[in-house]
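Asks: Here it is, the structure in full.
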């Protein structure tokens, strides 16, 4: 960074991009709006380029501004992290970690909880979403994802494989009976992930080209679990959602010998020469954990 570049101004610019608003950025940084606006304008003047498009509805980065944001964001995080941890050992690790996970991916919540119990001075912001996260535009540090990232700006570490199984309550089976094959499932009310009201079993079992009507479709495993537990349907669910209910006998696995399709779960984070101490500790913690989702 050049001599004329103010680190505080860069920090204000980064916050403005993340918040999409100068007023919200000023509020978050606890600064007068005039101070923040003046500093960002001076930064643009020193760089001799416009970084932000300003409108009544908020601010968005220009093409040059987006490039500058991506190049400075992680560096600024590393500087702030070094500042926070200058006189701290690993047990006193502190800072902010922003995480995204798929909805209802319970193993991630346990990992995050255990990590924060080990490092209580670390603040966690966790968002559950199916949306593909842009690490730089969204200000996210690390993500749990059911696919391998192709972007060469990020690193993807495989954590585990996750399949889905068929489950129902004893009461449901007493009322409807049990299917003896995947094809017979078309005669039963089914609940699971899907689209346009249909479940596609090629994403759950190795047998191909089986398409079944669904009684209930959701993008939330918790909702599907509720349908199964209340005798409403056969549920398509990951083992981590139903393990305790199988153990207690509240649910029974159906067609357990059918070969399962295994989805890959990855831990994904930006590739950077100087990742923050918090991110490095979290990645190490996750890769050492053996309870990520089977």
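Throughout, read-outs are computed from the coordinates displayed, never taken from laboratory work. The structure displayed is predicted, hence computed values, not measured ones. Heads up, the Cβs are rebuilt from the backbone with ideal geometry, glycines too, and the neighbour counts pull from every protein chain shown.
Asks: So, in Å, what gap is there between the alpha-carbon centers of the range 215-293 and the range 110-152?
Replies: Their Cα centres are 16 Å away from one another.
Asks: Right, another one. Give me 167, 217 sorted ascending by neighbouring Cβ count inside 10 Å, so fewest comes first. Numbers along the way, then the final one.
Replies: On the way: 167 27, 217 18.
Ascending number of Cβ neighbours within 10 Å: 217, 167.
Asks: Using only alpha carbon pairs under 8 Å that are at least six residues apart, calculate the relative contact order of the chain and give it in whole percent.
Replies: On the way: 490 pairs, mean separation 61.5, N = 294.
This gives 21 percent for the chain.
Asks: What list of whole percents do you get for P(r) of the range 147-188, with Cα-Cα distances grouped in 10 Å bins up to the one holding the largest distance?
Replies: 20, 31, 14, 20, 14, 1
Asks: Of the peptides 258-267, 173-182, how do they stack up when ordered by the mean number of other Cβ atoms within 10 Å, highest first? Walk me through the numbers on the way to the answer.
Replies: Working: 258-267: 16.3, 173-182: 13.1.
Sorting 258-267, 173-182 by mean packing, highest first, produces 258-267, 173-182.
Asks: So what are the three principal axis dimensions of the range 94-157 from its Cα atoms, in whole Å, longest to shortest?
Replies: Cα spread of the range 94-157 along its principal axes, largest to smallest: 33, 24, 19 Å.
Asks: Run lengths n ≥ 4 of DSSP H only: what is the helix-derived mean residue ellipticity at 222 nm for the chain, with -39500 (n - 2.57) per run over all residues, to the nearest 500? Kindly include the intermediate steps, with their values, before the conclusion.
Replies: Values: 10 runs with 113 residues, N = 294.
Result for the chain, helices only: -11500 deg cm²/dmol.
Asks: Cα convex hull of the chain: how many Å³ per residue? Walk me through the numbers before you get to the answer.
Replies: Numbers: hull volume 48.6 nm³, N = 294.
Taking only Cα atoms, the chain has a hull volume of 165 Å³ per residue.
Asks: What percent antiparallel are the DSSP beta bridges of the chain, to the nearest 5? Don't skip to the answer; put the middle values down first.
Replies: On the way: 26 of 39 bridges.
The antiparallel fraction comes to roughly 65 percent.
Asks: A follow-up question, please. Which one, 233, 171, 143, has the greatest fluctuation when you compute a Gaussian network model over the chain with C-alpha springs under 10 angstrom?
Replies: 171
Asks: Roughly what angle does helix 7-19 make with the longest principal axis of the chain, taking Cα atoms, 0 to 90 degrees, to the nearest 10?
Replies: 40 degrees
Asks: Now for a separate question. Please build a GNM for the chain, connecting alpha carbons under 10 Å apart, and tell me which residue among 221, 146, 188 fluctuates the most.
Replies: 188
Asks: Can I ask one more? Compute and list, largest first, the equivalent-ellipsoid semi-axes of the range 3-84 from the alpha carbon gyration tensor, each √(5λ) rounded to a whole angstrom.
Replies: Numbers: eigenvalues 64, 46, 31 Å².
Over the Cα atoms of the range 3-84, the semi-axes work out to 18, 15, 12 Å.
Asks: Mind ordering 29-36, 92-99, 153-160 by average Cβ neighbours within 10 Å, highest first?
Replies: Working: 29-36: 13.5, 92-99: 18.9, 153-160: 16.0.
Top to bottom by mean Cβ count within 10 Å: 92-99, 153-160, 29-36.
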